1. Which ones in the stretch 553-593 are open to solvent by less than 50 Å² (accessible area, probe 1.4 Å) and polar (S, T, N, Q)?
2. Looking only at the stretch 198-216, count every residue that is open to solvent by 70 Å² or more (accessible area, probe 1.4 Å) and within 17 Å of Ile254 (Cβ to Cβ) and tell me the total.
3. For residues in the stretch 148-160 being over 14 Å from Pro236 (Cβ atoms) and in contact (Cβ under 8 Å) with a residue 12 or more places away in the chain, which is surrounded by the most Cβ atoms within 10 Å (Cβ to Cβ)?
4. Could we say that Glu7 is modelled with pLDDT of 70 or more, assigned to a helix (DSSP H, G or I) and more than 28 Å from Gly103 (Cα to Cα) here?
5. Looking at Leu416, Leu393, Leu412, can you tell me which residue is buried (at least 21 other Cβ atoms within 10 Å of the Cβ) and under 19 Å from Ser513 (Cα atoms)?
6. Taking the residues in the stretch 161-179 that are assigned to a helix (DSSP H, G or I) and out of contact with any strand residue (DSSP E or B) (no Cβ under 6 Å at 6 or more places or on another chain) as candidates, determine which candidate is most open to solvent (accessible area, probe 1.4 Å).
7. Hey, among Val291, Val275, Val232, which residue is in contact with a strand residue (DSSP E or B) (Cβ under 9 Å, 6 or more places away or on another chain) and either in a helix (DSSP H, G or I) or at pLDDT 90 or above (or both)?
Amino acid sequence: IFDVITERKNAQAQLENERSRLRTLVQTIPDLVWLKDTQGVYLACNPEFEHLFGAKEAEIIGKTDYDFVPKELADFFRQKDREAVASGKPSTNEEWVTYASDGHRALLETIKTPMYTTAGELIGVLGVGRDITARRETEEQLHKLWLAVEQSPNSVIIADLDAHIEYVNAACVASTGYRREELIGQNPRLLQSGQTPRETYEAFWAALREGMQWQGEFVNKRKNGEVFVEFVRASPVRQPDGRITHYLMVKEDITEKKRLGAELDRHRFHLEELVVERTAQLAAAREAAEVANRAKGAFVANMSHEIRTPLNAIVGFTHLLQRHSRDPEQRDKLAKIDEAAHHLLAVINDILDFSKVEAGKVTLEVRDFELDDVFQNVCALVREKAQAKGLELVIDSDPALAGTLRGDPTRLAQALLNYASNAVKFSSRGAVVLRARLLNERDGDLRVRFAVQDNGIGIEAAAQARLFADFEQADQSTTRSYGGTGLGLAITRRLAGLMDGDVGVDSQPGVGSTFFLTVRLARGSAPMTRRPSEALAGMRILVADDLAEARTALGDMLAGFGLEVARADSVTAAAAAIAAADRGGAPFALALVDTDMADGAGSDLAQRLRALPLAQLPTLLLLADGDEAATPAVARLAGFRAVLAKPLTASSLYDALLAAMGDGDGEESTATPSAPAVEQLLACDYGGSRLLLAEDNRINREVAMELLGEVGCNVELAENGV
């Protein structure tokens, strides 16, 4: 009995030891371990499982899953337990759970195994759970990477250190034509075509063996023998400890790119040849255009001379006939001829102006001026025709533009005169308004809008777009009805462009038009000095001209300077006025006489003045448009202080007045001729004076001979410059 008891105690002790070791093992396993009976009641668990339910083993034993997790999850656990029992062998599952101890979620891989007694009786289910969250994330990342590599359009090869291929992607299979199993285990030299330089392979392996990256081109061959070019990027594959275990090659098939590149090179070289050829053609065309432009300029100049030559004769003979004719009907016809001749001269001047602007020969003269002078000058030039048609001239200038401005007043006046002339030409009622507005100003830089508004015939909208084109008019019939070249607006557009501006028109048929231009001006550097009202105010001036409109225009301009103006329509009337002043009347400070009047030349007045006590009266000679060839020096020798060419500007007239009365800066204009020279020219109405006339045109020679003969000159002829 003693032995039996001893054996039993030993057996129990051994069993306890085994249970203790088993429990110690269960308690120290890092995985979750639990034991349930056949009814799902917990019999035991380890500390890792305690974290899942957030309770101690003593609190878990005797309870079921329904005591710790939601019913849906508890049903899932119970179902998996039954499946394990039904299968009679271990079953593996994946279960997402939330740890009650800290709330984190984890994916558990669970193995549930039915537990039996030695007699084969089912006693419950043993569960072991392992957190595979990190492993699953790693697997997913690896899967994504695998998909990216497998689906990459570039070929990918991974080889071991002995250059045996371990992996190729689908692109590599498609590119080489080999099946995957035909490539695995092979050396990449399988793809060599024999056309890649040996130096390329040597550089490739030298870089990889040094643990460096390499890139370059391989000329390889597909399974079907087709040669293709690959751009290869190769690099060593390192393990976390730094060991190199594999080589990676990423290859791009650049065969088509190389072909296209070569084709583009051919096209580029061809294009360069075409560019060189075209450049040469353009240079030749430009040279031809310049030659043509020079030829055109020479042609225009020659045509101008050829037209002006007979025109000069027409004007000259008309003038002679007007001086000698007393028949009113003849004088009327001669006046019409003279008007037509001057109209033709205006047309020629338009063409010459346009030619100069088009050829870029017009440059701006930048100087100080006052806007009022520009407006007054323009109005003076159109006033006669405006008054004849009953039109009022109105100036509307922005007060912000008062004072001295800086720019080119001559070109500005020319542009405005083109507008104003058209406004008068195409209007028969109302007023013509010359307007100026300051658009903006920045640091002394002014943007100014000028406009000329009329109540004329207006322009159809469809015609407005071509108004400023060369040789264009709103309606070709206007040329027959109103005259003109169609160049005035084109010239204005180009002048505005020179002044960094633009042109435009607003018009309505039957209502009128507003033509405008914008220009860039600047503030003057200093105020204008010697204003007329200050320097000339109150002085008495005599104007002698046989044309009423000329007397009116010039008189109005002088009156604008604050001068008192007396007018004479002939040499005789001028001499009588001066004589009356000498006998005690109001004295004259200066006389302006036209070079050509009906009863004598301007020099006749100078000769008569010498017989009067008032011989020192400053006298200015006015040259008409047709007197461009007159010599100012000869006129000054005849007793004149200065010579002014028409048309006059307010500023040029004002400066001439100051100079003639000894207040100017020009020495030549105020010089007094010597008495012997004057006597020689005036004796016997220029009798005995010997002049040389060089003119190759017979008609012009005859005109000049007759004109010079009337003043008593002895003329010698030369038909050419030799």
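The values are calculated or read from the model by the stated rules, or taken from the named source; none is laboratory data. Just so you know, these numbers come straight off a predicted model, no measurement behind them. Every residue, glycine among them, receives a Cβ derived from its backbone with ideal geometry; neighbour counts consider all protein chains shown. When the accessible area is computed, the model is the full protein with side chains, heavy atoms only, and any ligands, DNA or RNA have been set aside. Shrake-Rupley method; radii C 1.70, N 1.55, O 1.52, S 1.80 Å.
1. Passing the criteria: only Ser570.
2. 1
3. Ser155
4. Yes, satisfied.
5. That would be Leu416, the only listed residue that is buried (at least 21 other Cβ atoms within 10 Å of the Cβ) and under 19 Å from Ser513 (Cα atoms).
6. To start, the set of residues in the stretch 161-179 that are assigned to a helix (DSSP H, G or I) comprises 170-176.
With out of contact with any strand residue (DSSP E or B) (no Cβ under 6 Å at 6 or more places or on another chain) added as a condition, the list becomes 170, 173-174, 176.
Numbers: Ala170: 45, Val173: 38, Ala174: 84, Thr176: 1 Å².
The selected residue is Ala174.
7. Val232
Listed here are the residues, each with its yes/no results for (1) over 21 Å from Arg493 (Cα atoms); (2) without any contact (Cβ under 8 Å) to a residue 24 or more places away in the chain; (3) in contact with a helix residue (DSSP H, G or I) (Cβ under 9 Å, 6 or more places away or on another chain); (4) among the hydrophobic types (A, V, I, L, M, F, W, C).
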position	(1), (2), (3), (4)
Gly390	yes, no, no, no
Ile395	yes, no, yes, yes
Asn422	no, no, yes, no
Lys425	no, no, yes, no
Leu439	no, no, no, yes
